[in-house]
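Take a look at the structure set out below.
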2 protein chains.
Amino acid sequence: MNGAESLLRSLHQAGVEVCFANPGTSEMQFVDALDRTRLMRCILGLFEGVVTGAADGYARMAEKPAVTLLHLAPGLANAGANLHNARKARTPMLNLVGDHARRHLRYEAPLTADVPATAAVFSDWVRTVHSTQSITGDAMDALAAAWGHPGQIATLIVPADIGWEEGATIEPPERAKTRAPRDIDSDLLRKAATALGPDTVILCGGTVLESPDSIAGLADLAAATGTSIMGSGPIRRLERGAGRFEIPRIPYPVDDALAALRPFRRAVLIEALPPVAFFAYPERPSLLLPEECEVIALADFDQDGRTAIEALVDALGAPPAPARTAAPCPPPSAGAMTNDALSAAIAAALPEGAIVVDERLTSATNVPALSTGAPPMSWLSLTGGAIGIGIPMATGAAVACPDRPVIGLQADGSAMYTLQALWTQAREELNVTTIIFANRGYQILKQELFKVGANPGPDALNMLELNRPELDFVSLARGMGVPGRRVTDPAELYKLIRAVVKEPGPYLIEVVL
Amino acid sequence: MNGAESLLRSLHQAGVEVCFANPGTSEMQFVDALDRTRLMRCILGLFEGVVTGAADGYARMAEKPAVTLLHLAPGLANAGANLHNARKARTPMLNLVGDHARRHLRYEAPLTADVPATAAVFSDWVRTVHSTQSITGDAMDALAAAWGHPGQIATLIVPADIGWEEGATIEPPERAKTRAPRDIDSDLLRKAATALGPDTVILCGGTVLESPDSIAGLADLAAATGTSIMGSGPIRRLERGAGRFEIPRIPYPVDDALAALRPFRRAVLIEALPPVAFFAYPERPSLLLPEECEVIALADFDQDGRTAIEALVDALGAPPAPARTAAPCPPPSAGAMTNDALSAAIAAALPEGAIVVDERLTSATNVPALSTGAPPMSWLSLTGGAIGIGIPMATGAAVACPDRPVIGLQADGSAMYTLQALWTQAREELNVTTIIFANRGYQILKQELFKVGANPGPDALNMLELNRPELDFVSLARGMGVPGRRVTDPAELYKLIRAVVKEPGPYLIEVVL
């Protein structure tokens, strides 16, 4: 059996079912092997950022890694921004990157570049396969690296000749031994239990917010002790909506973040680090907690924050908090597309079992607050600040959960980085509704420009405007086989979302702001 | 004066006139300074691959570097594939990349990543600025690194606080001392002169093919000695068309390349390396020259091949070769869009002073052969094999040469990597005609799949087809403000090209194959 086929068979036996791909010549033996074995679902992206963004969305929902297939250093670079986001999310992902055949690497061919160095920048684990005999063992090691707690980005570089040579064997799934979480320190646990109270905030992220049980535990702790709870750091997935305790995030604007954390004298960190401002600004600190705040780092990312919460609830004997009964948001009336009306239209329209993919930045800012009474949903966010993940992530989430409607809340500027993912949604007939907030500008950067003390004139503003010419997202979607409509009225928006989430296949709604 | 402003003023005094940008928060002080100084033309790209592809096209035509403005490690990664192409072309380019303020770098902020390591992969020269006092000197060093012979990719990383702090001074342009080419070895020159003859091939690239005088010199050498001349390696710009000696390239398919070079017993390299196959294949060599062929490396990339050719002509006393009189290609009749008819429609329609940007791969393969009698033109090619440079490169070439029509010959699969460049063409009202060859597949990969010995089934072919759904490039272009039309008849294609190249602004023609 050749290297490529044995690798794919081994990964499949170990549980990998989906391959997101944008292959080139150096991966043709994998394309051939995927075809011959027909073990994995192969999903083509027209650009590598689509591939890794989709693999991230898939893994966040499926709770297991997909494999990606990428082409040499330039393909890996194109995949890099969404690898960055996935890495910050601690998403499990296994990248297979082809390289030139070994004997070809010494020459200056057009595509020769440093693949391992490119991989290193955005991966937690990198290895180059050195023989056809070792390829499946290497692949199992990569899978183990990717799939432990927390997840990691593992990148395996396969020279073309190792993929096409015969003599490889299949490795048993047990070879991919994943890391178990490191134990929680019992002294720290006692210290944290004692610290809970009205002056204390629990800052949590990671796997904690993916678990409805842990979220209920946090609610119990808040009710029993008066402790505040906030989401902090990159949040891979948040389970929220009716019946679930709503956990606010630390705000993005640095002054709001500082104000939100100023009241606290103690912070307990659970799968979170001490919170840091997104960017540094003149005359603002980088760290967001008050200087005198005591920090208790109860669980790091490689520990199981869910166990820590269970133990805290036990230690305090906190009784179950009363169930929350937030009312659903009423739909908006016809009228102007204000931020409130836009937010209400979306919050009111969210269907049962929704997966919300959130790449809003400055629009529809009240959707979280207004949707606490919406049916329980999974909420996926931008984790690493590299814009252009929303449409790919929605694509991957829909692949993982074909029975759940996916709703993308999408800034227009960010959408243009990886819009090609719409084509994959059409090709795979995925039930994704993408709502574009067409404010025709990099609004977030206009806000940032003022924060560095600028007094912007026409040239600066021109570099932050997308209105000349205006992007027509309905035409763009049509060009990739996705139907769509432009909407200017919030009542119409509500009705349209309600209608299209029930239909199979993708749809794009351009909300003109 | 703050760091950002002094840097821009210094670069402008040294001759940099254009900034291609996709900025983020860590570059806001540059946006502010570009606005206040109004010294440079600022051109916004909606994606970083557009920015670096356009900077490459600009520099290939303007023969000087543009500056790019990129955001942190993910922005630089998005720029990477076209940096790779520009680096292989030895295009001069100066990238300014913002990083977090220095005090912020020690924290795990969402966008924190290794910017210098990301830069190193696709740059020839990298430096991080360490103080506001050194910023302009560092920028001059970067410019010198970029603009020497040959061109280089220079990347200067600027922490945000260094850009916004006061206390910087302007450096005089003389600080940017560029490298002069290394001298040609006179012994090698004598050896090469003796070697010329019917069994010899001159393989040339780099600056040689940008010079009509050098091309005429090569024609004289060919006529006087019977030596063959071929273009080899990455070719940044080729001057060709009526009255110019036509220099064929080594073919892409490995068997054709081996056959083309088999007759030669000696090869003289002028700004070229011994030619290498694009990829390695089972049972094919990596190096393309016959094993027994003697190689005379007359000029490396850091030497001036144009001087070498002048010296060879002098040494041999080669008289001027008779002027070539290739007839213009007649336009095709109405009928099927065969490869010949398609090629003829384009070759016949090429206008005076055209800049042709060539990202064809498998379509319109006869355009070069049929356009030897077309008006003199500049021909820009994909140099590094990273697809997705055509539309950005055409954009940059049009910025450099506003008085010349730009014609993009564009594969459909490749177009989808950086299609966002169409929006920049519309915004800047650039006279670019993009001709998309809509064969609805990665045809080149289908050919490659067979070369690795595969016998592809439906899954493999599905991963190489773009026909489900079909991309509608006219809708995609309209979505970005570029008018377009779909064409199925070669006579109509000819007429449409003739018409739209005369109009200002961009246009897209989708040729259905």
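The values are calculated or read from the model by the stated rules, or taken from the named source; none is laboratory data. Please read these numbers as outputs of a predicted model, since none were measured by experiment. Don't worry about glycine lacking a Cβ; one is built from the backbone with ideal geometry, like all the others, and counts go over all protein chains shown. Please note that ligands, DNA and RNA were not included when accessible areas were found on the heavy atoms of the full protein model with its side chains. Shrake-Rupley method; radii C 1.70, N 1.55, O 1.52, S 1.80 Å.
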Item to complete: Calculate, for chain A, the solvent-accessible area per residue in square angstrom, rolling a 1.4 angstrom probe over the heavy atoms of the protein chains.
Response: 32
Item to complete: Please report the relative contact order for chain A, taking Cα pairs under 8 Å with a sequence separation of at least 6, and give it as a percent rounded to a whole number.
Response: 15
Item to complete: Whenever you get a sec, compute what percent of the accessible area on the stretch A:339-512 sits on carbon and sulfur atoms (1.4 Å probe).
Response: 51
Discussion item. Rounded to the nearest 10 Å², what accessible area does residue B:314 have for a 1.4 Å probe in the complete protein model?
Written reply: 110
Worksheet item: Got a sec? Which residues of the stretch B:433-453 lose 30 Å² or more of accessible surface with every protein chain in place, vs. that chain alone, 1.4 Å probe?
Response: B:442, B:445, B:449, B:452
Worksheet entry | Whole-percent pair-distance distribution, where bins are 20 Å wide, for the alpha carbons of the protein assembly as shown | 13, 44, 34, 8, 1, 0
Practice prompt. Count charges around residue B:198 for me, please; just the other residues with Cβ under 12 Å from its Cβ, Lys/Arg as +1, Asp/Glu as -1.
Written response: +1
Fill in: Summed buried accessible area for A+B [probe radius 1.4 Å, Å², rounded to 100]
8200
Discussion item. Taking amide H atoms as placed 1.01 Å from N in the peptide plane, list the residues 5 or more away in sequence, or in a different chain, whose amide H sits under 5 Å from that of residue B:298.
Written reply: B:269
Worksheet item: In deg cm²/dmol and to the nearest 500, what is the mean residue ellipticity at 222 nm of the protein assembly as shown if only DSSP H runs of at least 4 residues count, each as -39500 (n - 2.57), divided by the residue total?
Response: -11000 deg cm²/dmol
Worksheet entry | Simple spin-label estimate for residue B:310 and residue B:106 in nanometres, 7 Å along Cα-Cβ | 5.7
Fill in: Hull-based mean projected area of the stretch B:384-444, where the convex hull spans the alpha carbons, in square nanometres
4.1
Worksheet entry | Rounded accessible area of residue A:186 (nearest 10 Å², 1.4 Å probe) | 70
Item to complete: Collect residues whose amide H, placed 1.01 Å from N in the peptide plane, falls under 5 Å from the amide H of residue A:465; neighbours closer than 5 in sequence don't count.
Response: A:442
Discussion item. Given axes a ≥ b ≥ c from the Cα gyration tensor, I'd like to know whether the stretch A:99-203 is rounded (a/c under 1.5), prolate (a/b larger than b/c) or oblate.
Written reply: oblate
Item to complete: Quote the convex hull volume per residue of the stretch B:3-175, based on C-alpha atoms, as a whole number of Å³.
Response: 92
Item to complete: Enumerate the lysines that residue B:495 could reach by cross-link, defined here as Cα to Cα under 19 Å, with residues fewer than 8 away along the same chain left out.
Response: none
Discussion item. Between residue A:294 and residue A:451, how high is the FRET efficiency from 1/(1 + (r/R0)^6) when r is the Cβ-Cβ distance and R₀ = 25 Å? Nearest 0.05.
Written reply: 0.25
Discussion item. Just to confirm the filter: which trypsin sites (Lys or Arg not before Pro) across the stretch A:166-235 are DSSP coil and have at most 16 other Cβ within 10 angstrom of their Cβ?
Written reply: A:177, A:179
Discussion item. Rounded to the nearest 5, what % of DSSP beta bridges with both residues in the protein assembly as shown are antiparallel?
Written reply: 10
Worksheet item: Among the residues of the stretch A:33-57, which ones have their accessible area go down by 30 Å² or more when all the protein chains sit together, as opposed to their chain alone (1.4 Å probe)?
Response: A:35, A:38, A:42, A:44, A:46, A:47
Fill in: DSSP bridge pairs, the stretch A:189-324: antiparallel proportion in percent, nearest 5
5
Worksheet item: Does chain A classify as rounded, prolate or oblate by the C-alpha gyration tensor (a ≥ b ≥ c root eigenvalues; a/c under 1.5 gives rounded; else a/b over b/c gives prolate, otherwise oblate)?
Response: oblate
Worksheet item: Can you give the Rg and Dmax of the stretch B:77-154 based on its C-alpha atoms, in angstrom?
Response: 13.4, 40
Item to complete: Output ³J(HN,Hα) for the stretch B:451-461: one whole-Hz value per residue in order, computed from phi by the Karplus curve 6.51 cos²θ - 1.76 cosθ + 1.60 with θ = phi - 60°, and x for Gly and Pro.
Response: 5, 8, x, 7, 10, x, x, x, 5, 5, 5
Response to the item:
Per the stretch A:1-54, sqrt(5λ) over the Cα gyration tensor eigenvalues, sorted largest first, in Å, gives 19, 14, 8
Discussion item. List the residues of the stretch B:63-99 for which accessible area in the full set of protein chains is at least 30 Å² lower than for the chain on its own; 1.4 Å probe, protein heavy atoms only.
Written reply: B:74, B:77, B:78, B:81, B:84, B:88
Fill in: Residue-count net charge about residue B:330 - beta-carbon cut-off 15 Å; Lys, Arg +1, Asp, Glu -1
+1
Fill in: Viscosity 1.306 mPa s, temperature 10 °C, Stokes-Einstein D of the stretch B:186-316 from Kirkwood C-alpha radius, µm²/s
108
Worksheet, complete the sentence: Flagged as over-length at 30 Å C-alpha distance, from A:88/A:502; A:88/A:177; A:451/B:88; A:88/A:451; A:502/B:446, the pairs are A:88/A:502; A:451/B:88; A:502/B:446
Practice prompt. Can you check what the net charge comes to around residue B:116, using other residues whose Cβ is under 11 Å from the Cβ of residue B:116 (Lys, Arg +1; Asp, Glu -1)?
Written response: -1
Discussion item. Taking 8 Å as the Cα distance limit and 6 or more residues as the minimum spacing, I'd like the relative contact order of the stretch B:1-135 as a percentage.
Written reply: 25
Worksheet entry | Kirkwood Rh and Cα Rg combined as Rg/Rh, the stretch A:123-259 | 1.16
Practice prompt. Loop only per DSSP, at most 14 neighbouring Cβ atoms within 10 Å: give me the trypsin sites (Lys or Arg not before Pro) in the stretch A:1-64, ordered by residue number.
Written response: A:38
Worksheet item: Using the Kirkwood radius built from alpha carbon pairs, what does the Stokes-Einstein equation give as D for the stretch A:330-450 at 4 °C and 1.567 mPa s, in µm² per second?
Response: 88
Worksheet item: To the nearest 10 square angstrom, what accessible area does residue A:37 show with a 1.4 Å probe?
Response: 20
Worksheet item: Using heavy-atom solvent-accessible surface (probe 1.4 Å) with all chains present, what is the largest-first order of B:346, B:170?
Response: B:170, B:346
Fill in: the stretch B:69-150: trypsin sites (Lys or Arg not before Pro) in DSSP loop, at most 16 other beta carbons within 10 Å
B:106
Worksheet item: What's the percent breakdown of Cα-Cα distances in the stretch A:115-165 across 10 Å bins, shortest bin first?
Response: 28, 50, 21, 1
Item to complete: At q = 0.22 Å⁻¹, what is the base-10 log of I(q)/I(0) for the stretch A:76-119 according to the Debye formula with one equal point scatterer per Cα and no solvent? Please give it to two decimals.
Response: -0.80
Item to complete: Could you please state how large a percent of the accessible area of the stretch A:213-311 is carbon and sulfur, counting protein chains only and using a 1.4 Å probe?
Response: 51
Worksheet item: Got a sec? Charge dipole of chain B, +1 on Cβ for Lys and Arg, -1 for Asp and Glu; which of B:139, B:376, B:80 is way out at the positive end?
Response: B:376
Discussion item. With both bridge residues required to lie in chain A, what share of the DSSP beta bridges run antiparallel, to the nearest 5%?
Written reply: 10
